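What follows is one structure encoded as structure tokens, with my remarks underneath.
No value in this document is a laboratory result; all are computed from the given coordinates. All values derive from a computational prediction rather than experimental measurement. Positions of Cβ are generated from backbone atoms using ideal geometry, with glycine treated the same way; all protein chains shown enter the neighbour counts.
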Amino acid sequence: MQRDEPRYAVRFSVEYPDRPLDRFSTFFRLVAAIPILIVLGAVSGGTLSWSTEAGTGTAGGAGGLLIVAPLLMILFRRKYPRWWFDWNVELLRFTNRVAVYLALMDDRYPSTHEVQSVHLDVDYPDVRRDLNRWLPLVKWLLAIPHYVVLLFLWIGAVVAVIVAWFAILFTGRYPRGLFGFVEGVLRWQNRVVGYAFVLATDRYPRFSLAA
């Protein structure tokens, strides 16, 4: 980030594990992550349906990211209720902790509330001063170039995680270059989500992996 450039409203980083990572949990990471993925699905709006001889049942989750309601409040009332904003940020933090665990960047099991090694900060906007009331209607559309770039970046990130998986199994370490790349992809995605869906800022995200 250039010195004269104001900080972006969404900031993300992951502490590099400068220590041997657990090889056993790394090997079985996808299996170990199943319980926390179920929890994440429950709070992200997922549903679980089942059918037995006794009948059928459905269990519903929470609402996931709040998008439409804040959009309407910004559009018609020029307000963004703080508890809606806090819910979105905390859900994003939890989601990122799970993503970092799946990406092998931390061998500690994702917490539902503790920061751990994942740092995501989102500035709460002053709607009347910082946000154009009409822009939320088209932010998802304006972000399309980022979706395209992120598609290719995530393909590269998956390859990087596979390579890191072998590296950790043989050396116990996550190659720092690969770590920085995956961290950058997550940072890029969080900026886009903060702009287009959390509606935290009107400042268009940079096309950059850097902080």
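Helix by helix through the chain, keep the DSSP H runs that span 20 Å or more along the axis on Cα and average at least -1.0 on Kyte-Doolittle, and give those back in order.
82-102, 144-171, 176-196
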If you take every residue apart from His119 with its C-beta less than 13 Å away from the C-beta of His119, what net charge results, scoring Lys and Arg +1 and Asp and Glu -1?
-1
Separation between the Arg173 and Asp130 pseudo-spin-labels, each 7 Å from Cα along Cα→Cβ, expressed in nm?
4.0
Return one quarter of the surface area of the convex hull spanned by the alpha-carbon atoms of the stretch 154-207, equal to its mean projected area, in nm².
4.3
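Would you work out the Kirkwood radius for the stretch 10-196? I mean one over the mean of 1/r across all pairs of different Cα atoms, in Å.
After inverting the pairwise mean of 1/r, the radius is 18.4 Å.
Rounded to the nearest 0.05, what FRET efficiency do Phe27 and Leu151 give with R0 = 25 Å and r taken as the Cβ-Cβ distance? Could you check? All intermediate terms of the calculation are to be shown ahead of the outcome.
Working: r = 28 Å, r/R0 = 1.14.
Using R0 = 25 Å, I get an efficiency of 0.30.
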